[in-house]
Amino acid sequence: MTNLEKYEQAYSRAIIRLLKSPIERTSPLWENIIQYQAEIQDYIGIIGLELIIKKDEGFAFVKQMEDSEGDTLNRPEYIGDSLS
């Protein structure tokens, strides 16, 4: 068994695609997103992303989560001050 076979989940391809671009209802991955939305959110939430599904408009995408002040994990105090 390869590492890919060991770790691949039914929704793995959907996550990879969501990290690249939005997915439309016409995509073969759409049903995976709908069926596994909780699992996908749990996985991408670890890196500060949020799954957004717009069923009425027919697309899904990910965006950075924000804290109560509207900040994301992309701020230097979250990732360390590597610029100085």
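The values are calculated or read from the model by the stated rules, or taken from the named source; none is laboratory data. These figures come from a predicted structure and were not determined experimentally. As a convention, Cβ positions derive from the backbone with ideal geometry for all residues, glycine included, and neighbour counts pool all protein chains shown.
If you go through the range 28-43 one residue at a time, do you hit one that is modelled with pLDDT of 85 or more, assigned to a loop (DSSP other than H, G, I, E, B) and surrounded by 13 or more Cβ atoms within 10 Å (Cβ to Cβ)? For the range 28-43, residues modelled with pLDDT of 85 or more, assigned to a loop (DSSP other than H, G, I, E, B) and surrounded by 13 or more Cβ atoms within 10 Å (Cβ to Cβ): present.
Can you tell me how many residues in the range 48-72 are under 16 Å from the mean Cα position of the chain (by Cα) and more than 14 Å from ILE33 (Cβ to Cβ)? Of the residues in that region, 6 qualify. Here ILE23 meets each of (1) in contact (Cβ under 8 Å) with a residue 24 or more places away in the chain; (2) out of contact with any Leu (no Cβ under 9 Å at 6 or more places or on another chain) with one exception, condition (2). Scanning the range 11-55 for residues that are among the polar types (S, T, N, Q) and closer than 23 Å to ASP67 by Cβ yields GLN37, GLN41. The number of residues in the range 1-47 that are over 11 Å from the mean Cα position of the chain (by Cα) and among the acidic types (Asp, Glu) comes to 4.
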